[in-house]
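What follows is calculated from the coordinates using simple rules that are stated; it is not laboratory data. These numbers were taken from a predicted model, which means no experiment stands behind them.
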Amino acid sequence: MKILIAEDDQHTRSALCEVLQSEGYHTLDAGDGKTALRLFEAHQPDFICLDVMMPQMDGYEVCREIRKKDEMVPVLFLTAKAEEIDKVLGLELGADDYMAKPFGVREILARIRAITRRTGLLKKVSGLDESFIMDDLRVLPAELRAYRGEEEIALSLREVKILKLFWQRKGKVIDRNTLADEVWGVDFYPESRALDQQISQLRKRVEKDPAQPRLIRTVHGAGYRFE
């Protein structure tokens, strides 16, 4: 899933790219409105984070042009302007949501997850539609969440891809190379340590007892396996 980040502040733009990439998204970034529009036309991103106050073309104008070409792509406005009139204008132009700066990492990730659930975006672009069961865990890929009984567990796009891979290959050992190819892709190959840390963090979220995992078990010297 490709996300276009249009933000004139380089620090904010870089931080957003880093966070979203760590969650498993592919990112495009632009520092001004004209570049954002050019990237949209060239790459057709699946989701857009759009700053309102940008040089050359402001976010409102960029949104107008995008909506002429695509009425469905989700747009999340980012702005330091908090006046109600700006929120109304943004939503009237076809934005799906509106966030005022400053905002936290968890907040923007939650907002993106909420929009993708509401619009069915992941089902459309990633084929992540079929729910599945791993032991006592029910995973809903298109909603980026899982349930253990009544407990809801929020998941990142990458975490969903990892769980689905293990579910699809139940009983088979998945080595680190295969896991990296299938989940991270050939354009970004993680170090073994980073991959193992990702598995460790995922276990903390989905295992009843991370010290004695039932869903993702280590096969020493070979990789991981879901029984």
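Test of understanding: what is the full-extension gain from Gln197 to Gln21, defined as 0.36 nm times their sequence separation minus their Cα-Cα distance?
On the way: separation 176, 0.36 × 176 = 63.36 nm, distance 1.56 nm.
Once the chain is fully extended between Gln197 and Gln21, it gains 61.8 nm.
Distance between the C-alpha centres of region 1-65 and region 147-176: 29 Å, rounded to the whole angstrom. In summary, the convex hull built on the alpha carbon positions of region 127-225 has an orientation-averaged projected area of 6.1 nm².
The stretch between Ile153 and Ser14, if pulled fully straight at 0.36 nm per residue, gains 47.3 nm over its current Cα-Cα span. Summed over qualifying helices (DSSP H, 4 residues or more, each -39500 (n - 2.57)) and divided by its residue number, the chain shows a 222 nm mean residue ellipticity of -12500 deg cm²/dmol. Give the label of the value calculated from the structure for P(r) over Cα pairs in 5 Å bins from 0, in percent, choosing from (i) 1, 6, 12, 17, 18, 17, 13, 8, 5, 2, 1, 0, 0; (ii) 1, 7, 14, 15, 14, 12, 9, 8, 7, 6, 4, 2, 1, 0; (iii) 1, 6, 14, 17, 17, 14, 11, 8, 6, 3, 1, 0. Checked against the structure: label (iii). What lysines does Lys68 reach when the alpha-carbon gap must be under 23 Å and sequence neighbours fewer than 8 apart in one chain are set aside? Cross-link targets: Lys2, Lys34, Lys87, Lys124. Using Cα-Cα distances under 8 Å and only pairs 6 or more residues apart, what relative contact order does region 2-121 have, in percent? Result for region 2-121 is 22 percent. The C-alpha atoms of the chain define a longest principal axis, and helix 105-119 lies at about 90 degrees to it. Helix 33-43 versus the longest principal axis of the chain: what angle, 0 to 90°, nearest 10, using Cα atoms? Between helix and principal axis, roughly 50 degrees. Shown here: region 2-121, whose C-alpha atoms stretch 32, 31, 30 Å along the first, second and third principal axes, sorted largest to smallest.
Computed over the chain, relative contact order equals 13 percent, with contacts defined as Cα pairs under 8 Å that lie 6+ residues apart.
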